[in-house]
(Lines give C-alpha, C1' and ligand atoms only; values in the text may rest on other atoms or scores of the structure.)
Protein backbone atom coordinates (compact mmCIF):
# COMPACT_ATOMS: atom_id res chain seq x y z
CA UNK A 1 0.00 0.00 0.00
CA UNK A 2 1.44 3.27 -1.05
CA UNK A 3 1.93 6.32 1.18
CA UNK A 4 -0.90 8.75 1.19
CA UNK A 5 -0.35 12.51 0.97
CA UNK A 6 -0.51 14.62 4.04
CA UNK A 7 -3.76 16.58 4.55
CA UNK A 8 -6.11 13.80 3.43
CA UNK A 9 -7.40 13.04 6.94
CA UNK A 10 -4.54 10.80 7.90
CA UNK A 11 -3.31 11.33 11.41
CA UNK A 12 0.38 11.69 11.88
CA UNK A 13 1.90 10.44 15.06
CA UNK A 14 2.85 13.19 17.52
CA UNK A 15 0.80 15.92 15.78
CA UNK A 16 -2.33 17.51 17.32
CA UNK A 17 -5.56 16.94 15.53
CA UNK A 18 -7.88 19.62 14.26
CA UNK A 19 -7.52 22.61 11.92
CA UNK A 20 -4.41 24.72 12.39
CA UNK A 21 -4.87 28.53 12.72
CA UNK A 22 -2.36 31.44 13.10
CA UNK A 23 -2.71 33.44 16.29
CA UNK A 24 -1.90 37.15 16.32
CA UNK A 25 1.76 37.82 17.16
CA UNK A 26 2.46 39.87 20.23
CA UNK A 27 6.03 40.55 19.19
CA UNK A 28 5.22 43.00 16.40
CA UNK A 29 7.87 45.53 15.36
CA UNK A 30 7.69 48.95 16.99
CA UNK A 31 5.45 51.28 15.07
CA UNK A 32 3.64 48.45 13.31
CA UNK A 33 0.35 47.16 14.74
CA UNK A 34 -0.66 43.54 14.81
CA UNK A 35 -2.90 43.98 11.77
CA UNK A 36 0.08 45.25 9.70
CA UNK A 37 -0.85 48.97 9.83
CA UNK A 38 1.74 51.51 10.91
CA UNK A 39 1.37 53.22 14.24
CA UNK A 40 1.53 56.94 13.50
CA UNK A 41 1.14 57.99 17.12
CA UNK A 42 4.92 57.88 17.58
CA UNK A 43 5.41 60.47 14.82
CA UNK A 44 3.01 63.00 16.28
CA UNK A 45 5.76 64.54 18.41
CA UNK A 46 8.36 64.88 15.63
CA UNK A 47 9.58 68.40 15.12
CA UNK A 48 9.18 69.49 18.74
CA UNK A 49 11.39 69.16 21.77
CA UNK A 50 10.41 67.71 25.11
CA UNK A 51 9.83 71.18 26.55
CA UNK A 52 7.27 71.88 23.85
CA UNK A 53 9.41 74.32 21.84
CA UNK A 54 9.99 73.61 18.16
CA UNK A 55 13.34 71.93 17.45
CA UNK A 56 14.03 74.12 14.39
CA UNK A 57 14.22 77.92 14.73
CA UNK A 58 12.08 80.02 12.43
CA UNK A 59 13.54 80.69 9.01
CA UNK A 60 15.89 83.67 8.96
CA UNK A 61 16.71 86.00 6.10
CA UNK A 62 19.88 84.01 5.37
CA UNK A 63 17.86 80.80 4.86
CA UNK A 64 14.97 82.43 3.10
CA UNK A 65 16.14 84.42 0.08
CA UNK A 66 12.65 85.80 -0.47
CA UNK A 67 13.04 87.96 2.63
CA UNK A 68 16.13 89.63 1.15
CA UNK A 69 14.42 90.94 -1.93
CA UNK A 70 14.57 94.70 -2.22
CA UNK A 71 17.46 94.98 0.25
CA UNK A 72 20.94 96.18 -0.67
CA UNK A 73 24.08 94.23 0.19
CA UNK A 74 24.99 96.84 2.80
CA UNK A 75 21.56 96.44 4.47
CA UNK A 76 21.76 92.65 4.38
CA UNK A 77 25.26 92.26 5.78
CA UNK A 78 25.69 95.68 7.46
CA UNK A 79 28.97 96.32 5.64
CA UNK A 80 30.85 99.33 6.91
CA UNK A 81 32.29 101.81 4.45
CA UNK A 82 36.02 101.22 3.85
CA UNK A 83 38.35 103.98 2.83
CA UNK A 84 40.15 103.29 -0.48
CA UNK A 85 43.84 102.45 -0.33
CA UNK A 86 46.15 105.35 -0.94
CA UNK A 87 49.14 104.55 -3.20
CA UNK A 88 52.47 105.13 -1.49
CA UNK A 89 55.38 106.97 -2.99
CA UNK A 90 57.37 103.77 -3.57
CA UNK A 91 54.47 101.52 -4.58
CA UNK A 92 55.13 98.98 -7.33
CA UNK A 93 53.83 99.73 -10.79
CA UNK A 94 54.13 97.70 -13.96
CA UNK A 95 56.72 99.15 -16.27
CA UNK A 96 55.86 99.68 -19.87
CA UNK A 97 58.27 98.72 -22.58
CA UNK A 98 59.89 101.87 -23.87
CA UNK A 99 59.91 102.33 -27.61
CA UNK A 100 63.41 103.23 -28.75
CA UNK A 101 63.92 105.69 -31.53
CA UNK A 102 65.32 104.47 -34.81
CA UNK A 103 69.13 104.39 -34.83
CA UNK A 104 69.28 105.63 -31.24
CA UNK A 105 72.43 104.69 -29.26
CA UNK A 106 70.38 102.36 -27.06
CA UNK A 107 68.88 100.54 -30.04
CA UNK A 108 72.24 100.24 -31.83
CA UNK A 109 73.85 98.94 -28.66
CA UNK A 110 71.14 96.31 -28.17
CA UNK A 111 71.01 95.08 -31.77
CA UNK A 112 74.76 94.96 -32.45
CA UNK A 113 75.46 93.26 -29.13
CA UNK A 114 72.89 90.60 -29.96
CA UNK A 115 74.57 90.01 -33.33
CA UNK A 116 78.04 89.77 -31.81
CA UNK A 117 76.77 87.25 -29.25
CA UNK A 118 75.58 85.05 -32.14
CA UNK A 119 78.78 85.43 -34.16
CA UNK A 120 80.55 82.13 -34.82
CA UNK A 121 82.76 80.78 -37.59
CA UNK A 122 79.81 78.80 -38.99
CA UNK A 123 77.53 81.86 -39.08
CA UNK A 124 80.25 84.37 -39.85
CA UNK A 125 79.07 85.46 -43.31
CA UNK A 126 75.41 86.07 -42.41
CA UNK A 127 76.09 87.73 -39.04
CA UNK A 128 78.95 89.89 -40.34
CA UNK A 129 76.75 91.14 -43.19
CA UNK A 130 74.17 92.30 -40.63
CA UNK A 131 76.87 94.06 -38.59
CA UNK A 132 78.03 95.85 -41.75
CA UNK A 133 74.43 96.86 -42.45
CA UNK A 134 74.28 98.57 -39.05
CA UNK A 135 77.61 100.32 -39.66
CA UNK A 136 76.34 101.57 -43.03
CA UNK A 137 73.55 103.45 -41.25
CA UNK A 138 76.15 106.17 -40.69
CA UNK A 139 75.61 107.20 -44.33
CA UNK A 140 72.92 109.58 -43.06
CA UNK A 141 75.28 111.09 -40.48
CA UNK A 142 78.07 113.63 -40.66
CA UNK A 143 80.06 112.45 -37.64
CA UNK A 144 80.04 108.63 -38.03
CA UNK A 145 78.41 108.12 -34.64
CA UNK A 146 76.90 104.68 -35.40
CA UNK A 147 80.13 103.46 -37.01
CA UNK A 148 82.16 104.50 -33.96
CA UNK A 149 79.67 102.76 -31.70
CA UNK A 150 79.86 99.53 -33.73
CA UNK A 151 83.69 99.65 -33.59
CA UNK A 152 83.62 100.17 -29.81
CA UNK A 153 81.32 97.15 -29.33
CA UNK A 154 83.52 94.95 -31.52
CA UNK A 155 86.65 96.10 -29.67
CA UNK A 156 85.13 95.36 -26.25
CA UNK A 157 83.95 91.94 -27.41
CA UNK A 158 87.38 91.10 -28.84
CA UNK A 159 89.21 92.08 -25.64
CA UNK A 160 86.76 90.12 -23.46
CA UNK A 161 86.97 87.00 -25.65
CA UNK A 162 90.65 86.83 -26.54
CA UNK A 163 90.32 83.20 -27.70
CA UNK A 164 88.13 84.48 -30.58
CA UNK A 165 90.53 87.29 -31.51
CA UNK A 166 91.17 85.81 -34.97
CA UNK A 167 87.46 85.83 -35.78
CA UNK A 168 87.05 89.45 -34.67
CA UNK A 169 90.14 90.44 -36.66
CA UNK A 170 88.49 88.83 -39.69
CA UNK A 171 85.34 90.84 -38.98
CA UNK A 172 87.31 94.10 -38.85
CA UNK A 173 88.99 93.25 -42.13
CA UNK A 174 85.63 92.63 -43.79
CA UNK A 175 84.20 95.86 -42.39
CA UNK A 176 87.10 97.87 -43.78
CA UNK A 177 86.65 96.29 -47.22
CA UNK A 178 82.83 96.27 -47.41
CA UNK A 179 81.90 99.49 -45.63
CA UNK A 180 79.91 101.86 -47.83
CA UNK A 181 81.91 104.80 -49.28
CA UNK A 182 78.95 106.98 -48.31
CA UNK A 183 79.93 106.73 -44.66
CA UNK A 184 81.94 109.86 -43.93
CA UNK A 185 83.01 112.24 -41.21
CA UNK A 186 83.30 115.97 -41.76
CA UNK A 187 86.09 116.56 -39.23
CA UNK A 188 89.01 114.23 -40.06
CA UNK A 189 90.95 114.64 -43.29
CA UNK A 190 93.80 112.70 -44.83
CA UNK A 191 97.30 114.01 -45.59
CA UNK A 192 96.05 115.60 -48.80
CA UNK A 193 93.26 117.47 -47.04
CA UNK A 194 90.42 115.30 -48.38
CA UNK A 195 87.49 114.00 -46.32
CA UNK A 196 87.96 110.50 -44.98
CA UNK A 197 85.17 108.06 -45.83
CA UNK A 198 84.36 104.37 -46.21
CA UNK A 199 87.02 101.83 -45.28
CA UNK A 200 89.62 104.51 -44.57
CA UNK A 201 87.30 106.07 -42.01
CA UNK A 202 86.74 102.68 -40.38
CA UNK A 203 90.51 102.15 -40.17
CA UNK A 204 91.04 105.59 -38.62
CA UNK A 205 88.27 105.06 -36.04
CA UNK A 206 89.65 101.63 -35.12
CA UNK A 207 93.20 102.95 -34.66
CA UNK A 208 91.89 105.80 -32.51
CA UNK A 209 89.98 103.30 -30.34
CA UNK A 210 93.07 101.13 -29.91
CA UNK A 211 95.20 104.13 -29.00
CA UNK A 212 92.65 105.35 -26.43
CA UNK A 213 92.54 101.96 -24.77
CA UNK A 214 96.33 101.71 -24.78
CA UNK A 215 96.76 105.13 -23.22
CA UNK A 216 94.02 104.40 -20.71
CA UNK A 217 95.81 101.23 -19.72
CA UNK A 218 99.11 103.07 -19.22
CA UNK A 219 97.48 105.80 -17.17
CA UNK A 220 95.76 103.21 -15.02
CA UNK A 221 99.07 101.42 -14.64
CA UNK A 222 100.73 104.63 -13.50
CA UNK A 223 97.90 105.25 -11.04
CA UNK A 224 98.25 101.76 -9.60
CA UNK A 225 102.03 102.16 -9.33
CA UNK A 226 101.64 105.50 -7.55
CA UNK A 227 99.06 104.04 -5.17
CA UNK A 228 101.33 101.10 -4.40
CA UNK A 229 104.30 103.42 -3.75
CA UNK A 230 102.22 105.59 -1.43
CA UNK A 231 101.00 102.55 0.50
CA UNK A 232 104.57 101.28 0.86
CA UNK A 233 105.67 104.66 2.23
CA UNK A 234 102.81 104.69 4.73
CA UNK A 235 103.64 101.16 5.85
CA UNK A 236 107.30 102.14 6.35
CA UNK A 237 106.31 105.12 8.51
CA UNK A 238 103.98 102.96 10.63
CA UNK A 239 106.64 100.30 11.04
CA UNK A 240 109.22 102.88 12.15
CA UNK A 241 106.77 104.31 14.68
CA UNK A 242 106.03 100.86 16.08
CA UNK A 243 109.71 100.04 16.43
CA UNK A 244 110.35 103.36 18.21
CA UNK A 245 107.52 102.76 20.66
CA UNK A 246 108.81 99.27 21.46
CA UNK A 247 112.35 100.64 22.00
CA UNK A 248 111.11 103.29 24.43
CA UNK A 249 109.10 100.71 26.34
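Against the list (1) within 27 Å of residue 214 (Cβ to Cβ); (2) out of contact with any strand residue (DSSP E or B) (no Cβ under 7 Å at 6 or more places or on another chain), the condition residue 144 fails is (2).
What about residue 152, is it within 18 Å of residue 105 (Cα to Cα), surrounded by fewer than 18 Cβ atoms within 10 Å (Cβ to Cβ) and in contact with a helix residue (DSSP H, G or I) (Cβ under 9 Å, 6 or more places away or on another chain)? Walk me through how you get there before you give the answer.
Working: within 18 Å of residue 105 (Cα to Cα): yes; surrounded by fewer than 18 Cβ atoms within 10 Å (Cβ to Cβ): yes; in contact with a helix residue (DSSP H, G or I) (Cβ under 9 Å, 6 or more places away or on another chain): yes.
Yes; evaluated as a whole, the condition is true for this residue.
Go through 225, 240 for me and flag whichever is under 48 Å from the mean Cα position of the chain (by Cα) and either free of Cβ contacts under 8 Å to residues at least 12 places away in the same chain or closer than 15 Å to residue 119 by Cβ (or both).
Numbers: 240 fails: under 48 Å from the mean Cα position of the chain (by Cα).
Within the list 225, 240, the selection yields 225.
When you check residue 166 against the structure, is it over 25 Å from residue 102 (Cα atoms), at pLDDT 90 or above and touching a helix residue (DSSP H, G or I) at 6+ places or on another chain (Cβ under 7 Å), yes or no? When the stated conditions are applied, residue 166 does not pass them. Note on the range 124-144: residues that are surrounded by fewer than 16 Cβ atoms within 10 Å (Cβ to Cβ) and either within 19 Å of residue 200 (Cα to Cα) or at pLDDT below 95 (or both) total 5.
Scan the range 159-178 for residues that are in contact (Cβ under 8 Å) with a residue 12 or more places away in the chain and closer than 21 Å to residue 212 by Cα and the total you get is 6.
On the given criteria, is residue 201 modelled with pLDDT of 90 or more, buried (at least 17 other Cβ atoms within 10 Å of the Cβ) and under 44 Å from the mean Cα position of the chain (by Cα)? Against the criterion (modelled with pLDDT of 90 or more, buried (at least 17 other Cβ atoms within 10 Å of the Cβ) and under 44 Å from the mean Cα position of the chain (by Cα)), residue 201 does not qualify.
The values are calculated or read from the model by the stated rules, or taken from the named source; none is laboratory data. Every value quoted in this text rests on a predicted model; they were computed, and no experiment measured them. Positions of Cβ are backbone-derived with ideal geometry, glycine not excepted, and every protein chain shown enters the neighbour counts.
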